[in-house]
Ligand code: SF4
Ligand code: SF4
C-alpha cells in the first residue's frame with residue numbers, strides 16, 4: 001500500500017470510459033447528467049453551467065475531472081501547482097477528515113508538475129470528446145491555480161506550465177492524446193477526425209493565485225500583476241476568511257455551535273487586512289481592464305484551526321464546509337459593498353443544496369464545491385446542485401440581496417452544527433464487502449471500483465493516495481483503503497502493501513498469506529476477481 005497515486009494511461013481512460021458509458025450510462029461510476037439550462041458566462045466566456053469542482057482532491061487526476069463532468073460540473077479549478085512538487089510536499093496521510101464540517105492538511109497537487117500537466121491535458125481532451133459523443137451541453141472551463149510566491153511562479157517549471165495551459169498544441173502529451181483518439185476513431189458514433197483536429201489547445205484562460213496565510217499584500221499584488229501583464233491570464237486571487245476579522249469569525253462560529261474550534265489571532269494579524277485588500281483590488285481591476293482581461297477574487301481559502309483531537313496529524317488543519325460558508329459569504333458582502341457589486345467573485349466556501357440558488361441569485365458566479373463531494377453521494381451531489389442553478393444570474397453582485405442573505409443566516413438553524421453519528425465498532429471486513437456503496441461514491445480518485453452485478457467492490461491501489469476520506473464515511477467503521485480486497489497493477493505495488501488482494505492473475509494475498517493459485521481463495525473472492533478481470537479497470 002502506497003500513498004502515491006498514478007494517472008491512468010490515456011488509451012485506457014478513453015476505452016474504459018466509452019465501454020462504461022455504453023454498458024451503464026455512467027462515467028467513473030457517476031450517472032451522466034445533462035443540464036436543461038445553458039447560456040451562462042464566466043469571465044466573459046460561455047459556460048453551460050456556472051458550477052463545478054473546486055481546486056482540491058476532485059481536480060487532481062483525469063478520472064476525477066471526468067467524473068465531475070459526468071455529474072454536471074462545467075467549471076474545473078485544477079489543483080494548485082507550485083514549485084515544490086510530488087513527494088517534496090511531505091503531506092502526511094490521511095490528510096482529509098470529514099465530520100459535519102471538514103478539515104484537511106493537503107495543499108497543492110501531489111503529482112509532479114509534468115504529471116499534473118499530463119492529467120489536465122488528458123482530462124481536457126476527454127471532456128471534449130465525451131461531450132460530443134454523448135451529446136451533452138459542453139461549454140466548460142478549466143481554471144488553473146498557481147502558488148505560492150513570485151520567485152516560484154517565475155521559475156522555469158511553473159512558466160512552462162503556464163505557457164502549456166495557454167496553448168498545449170506543441171506539448172508531447174497533447175500530440176500523443178490527439179493521435180490516440182484518431183487511432184481509435186472507429187470507436188465513436190459522433191466524433192470524427194475533423195472534430196478531433198479542431199479541439200482548441202487553449203486549455204485555460206483564467207488563473208487563480210493561491211498564497212500562503214501571511215503572504216504580504218505587496219507580494220500578492222506583484223504576482224497578480226505579473227500574471228496579468230506578462231502571462232496574459234484573467235486573474236483571480238484567493239482571499240482568506242480572516243478578512244472579516246477575528247471577532248466576527250469567532251462570533252459566527254460560536255453562535256452556530258462551533259465554539260470548540262480553536263484558533264488564535266495570529267493568522268488575523270499576519271494575513272492581508274481589508275483596507276489593503278480593497279486598495280489592491282481596485283488597482284488590479286484597472287490593470288486588468290487596460291489589458292482587456294478580467295480580475296476577480298476567489299472566496300475563500302479554507303480557514304486554519306488548531307488540531308486538538310488528533311483529527312489529523314500536525315498542529316494546524318484547514319476547515320471547510322458549512323461553517324466556512326458563514327465566513328466566506330460575509331467576505332463576499334464586505335468586498336461587494338466596497339466595489340459597488342462590480343468585483344467578479346468565484347465562490348467555493350461551503351456551497352450545498354441549501355444555499356447554491358441564493359448565492360448565484362446574488363450574482364456571485366461561478367460556484368464550486370469540494371467538501372460536498374467528499375460526503376455521502378460524492379460526485380453525484382453535483383447533479384443535485386445543477387438542478388438548483390437559477391435561470392438568470394445578475395451580471396453584477398446585487399448588494400441588497402447579498403446583505404439580506406447574510407442577515408438571514410443568523411436565524412437559519414441549518415448552519416447549526418450537527419453532531420456526527422457514532423460509528424459501530426466493527427473490526428473485520430467481510431471479504432467482498434457486500435454492505436453498501438459509500439466508499440465507491442465518496443472516493444475523489446475513483447479508487448473503489450463497483451461490480452454492481454455481483455454487489456461487490458474492489459479497491460484499486462494505484463488510484464489511491466490514502467487521503468482517508470472513505471474511512472471517515474464508511475457507515476460500518478471500516479478503513480476501506482486498507483481493509484478492502486485490492487487490485488494491484490504491478491509487482492512492486494503488491495509487495496509494498498499488506499492489503500489482501502491480487503496482482504492480475506498472477507499472485508494473490510489472503511489473510512496475509514501469498515500464493516499463486518486462485519483456487520486457494522474462497523469462492524466468493526474468486527468470483528469477484530474473475531468479474532473484475534473481465535470488465536474492470538485493466539491497464540495495458
Ligand atoms: S480509496 Fe479512500 S483513501 Fe483512497 S483515495 Fe479514495 S477516499 Fe482516499
Ligand atoms: S468498506 Fe464500508 S463504505 Fe465501503 S462498501 Fe464496505 S461497508 Fe460500505
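Observations
- Residue in the range 451-473 that is nearest to ligand 1 (Cβ to nearest atom), counting only those that are part of a strand (DSSP E or B) and buried (at least 22 other Cβ atoms within 10 Å of the Cβ): 459
- Test: residue 88 is out of contact with any helix residue (DSSP H, G or I) (no Cβ under 9 Å at 6 or more places or on another chain), in the same structural domain as residue 366 (by TED's automatic domain parsing) and either within 28 Å of residue 391 (Cβ to Cβ) or away from ligand 2 (no atom under 16 Å from the Cβ) (or both): yes
- Residue within the range 239-257 that is part of a strand (DSSP E or B), under 30 Å from residue 307 (Cα atoms) and in the same structural domain as residue 101 (by TED's automatic domain parsing) present: yes
- Matching entry among 333, 308 (being over 25 Å from residue 207 (Cβ atoms), over 22 Å from the mean Cα position of the chain (by Cα) and not in a loop (DSSP other than H, G, I, E, B)): 333
- Listing of strands (runs of 3 or more DSSP E) fully contained in the range 62-106 that carry 1 or more residues being within 12 Å of ligand 1 (Cβ to nearest atom), closer than 30 Å to residue 156 by Cα and in contact with a strand residue (DSSP E or B) (Cβ under 9 Å, 6 or more places away or on another chain): 102-104
- Filter result for residue 529 (assigned to a strand (DSSP E or B) and over 26 Å from residue 87 (Cα atoms)): no
- Unmet requirement for residue 267, which otherwise passes all of (1) in a helix (DSSP H, G or I); (2) in contact with a helix residue (DSSP H, G or I) (Cβ under 7 Å, 6 or more places away or on another chain); (3) modelled with pLDDT of 95 or more; (4) under 24 Å from residue 146 (Cα atoms): (3)
- In the range 84-96, the residues that are in contact (Cβ under 8 Å) with a residue 60 or more places away in the chain and either surrounded by 23 or more Cβ atoms within 10 Å (Cβ to Cβ) or on the phi > 0 side of the Ramachandran plot (or both): 94, 95, 96
- Against the conditions (1) assigned to a loop (DSSP other than H, G, I, E, B); (2) at pLDDT 95 or above, residue 288 satisfies every one except (1).
- Residue that is farthest from residue 529 (Cα to Cα), among those in the range 418-446 that are modelled with pLDDT of 85 or more and either within 11 Å of ligand 2 (Cβ to nearest atom) or part of a helix (DSSP H, G or I) (or both): 442
- Residue count for the range 41-54 under the criterion of being within 19 Å of residue 355 (Cα to Cα) and not in a loop (DSSP other than H, G, I, E, B): the result is 3.
- Condition check for residue 200: assigned to a loop (DSSP other than H, G, I, E, B) and either at pLDDT 95 or above or touching a strand residue (DSSP E or B) at 6+ places or on another chain (Cβ under 6 Å) (or both): yes
The values are calculated or read from the model by the stated rules, or taken from the named source; none is laboratory data. Just so it is clear, the structure is predicted and the values come from calculations on it, not from any experiment. Ideal geometry is used to build each Cβ from the backbone, glycine not excepted, and the neighbour counts take in all protein chains shown.
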